[in-house]
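The values are calculated or read from the model by the stated rules, or taken from the named source; none is laboratory data. Remember, predicted model here, so these are calculated numbers, not experimental data. Cβ coordinates were reconstructed from backbone atoms using ideal geometry, including for glycine residues, and neighbour counts include every protein chain displayed. For the accessible areas, the whole protein counts, side chains as well, though only heavy atoms, and no ligand, DNA or RNA atoms are used. Shrake-Rupley method; radii C 1.70, N 1.55, O 1.52, S 1.80 Å.
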Amino acid sequence: LSARDRVGILTADAGNLTEEHLRRAGGDVSRLTVCGLENGPFFREAIFSGSGRLDAGKVAAEVVAQARRMTTADPAIRAVLLECANLPPYAAAVQRTVGLPVYDFVTMIHHVQSALLRAPFHA
């Protein structure tokens, strides 16, 4: 990313991911845009209600719509971070929609795994 590029962060509840959290994690808050999913009725039902009900298609639509809104509102965003552990199932749909790199804890695990378990190169 260039010095002017930004990272968009999708999180379960933007009110609980404060600038203080981001600073303590080493984030440059001037380069971050945080958007929450707390107002999505299907996301809220699945994640916050404790009902155990999940309509994956409707949650996916809410996640994708919020990613689209975030990247449209801030065209300097050049990568998306899915901060919530419940969001990796929707990463491919977000990436398809916004056309940007999408990171989450699964990409972090794959990165570490690939460094620890290198496969031989076969020409």
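Normalising the average separation of contacting C-alpha pairs (under 8 angstrom, six or more residues apart) by the number of residues puts the relative contact order of the range 1-73 at 31 percent. Computed about its Cα centre, the charge dipole of the range 48-107 is approximately 160 debye, with only Lys, Arg, Asp and Glu carrying charge at their Cβ. The computed semi-axes √(5λ) of the Cα gyration tensor in Å for the structure shown corresponds, within (1) 25, 20, 15; (2) 19, 18, 14; (3) 45, 13, 11, to (1). The residue among 30, 41, 16 whose Cα reaches farthest toward the positive pole of the charge dipole of the chain, with charges on the beta-carbon of Lys, Arg, Asp and Glu, is 30. Our coupling estimate for the range 68-74, obtained by passing each phi through the Karplus curve with A = 6.51, B = -1.76, C = 1.60 and θ = phi - 60°, is 5, 4, 4, 6, 6, 5, 10 Hz, Gly and Pro reported as x. In the context of the full set of protein chains, the range 34-95 has a per residue accessible area of 50 Å² (1.4 Å probe). Charges were assigned to the Cβ only: +1 to each Lys and Arg, -1 to each Asp and Glu. The resulting dipole of the chain about its Cα centre is roughly 340 debye. For the chain, a Gaussian network of Cα nodes joined below 10 Å ranks 95, 113, 66 by mean-square fluctuation, and the top entry is 113. Specify the longest stretch of the chain that does not include any exposed loop site, a site being one of the chymotrypsin sites (Phe, Trp or Tyr not before Pro) with a non-H, G, I, E, B DSSP assignment and at most 13 other Cβ atoms within 10 Å. In the chain, the maximal stretch lacking such sites is 49-120. Share of carbon and sulfur in the accessible area of the chain stands at 57%, probe radius 1.4 Å.
Looking at the range 1-83, the GluC sites (Glu not before Pro) that sit in a DSSP loop and have at most 16 other Cβ atoms within 10 Å of their own Cβ are 38.
For the chain, the 222 nm mean residue ellipticity estimated from helices alone, with every DSSP H stretch of n ≥ 4 adding -39500 (n - 2.57) and the total spread over all residues, rounds to -12500 deg cm²/dmol. Placing dummy labels 7 Å off each Cα toward the beta-carbon, the span from residue 16 to residue 112 is 2.2 nm.
Where Lys and Arg each count +1 and Asp and Glu each count -1, what net charge lies around residue 101 among other residues with Cβ under 12 Å from its Cβ? Counting the neighbours of residue 101, the net charge comes to -1. Under the classification rounded if a/c is under 1.5, otherwise prolate if a/b is larger than b/c and oblate if not, where does the range 81-123 fall, given a ≥ b ≥ c as square roots of the Cα gyration tensor eigenvalues? Because a/c hits 1.5 or more and a/b fails to exceed b/c, the range 81-123 counts as oblate.
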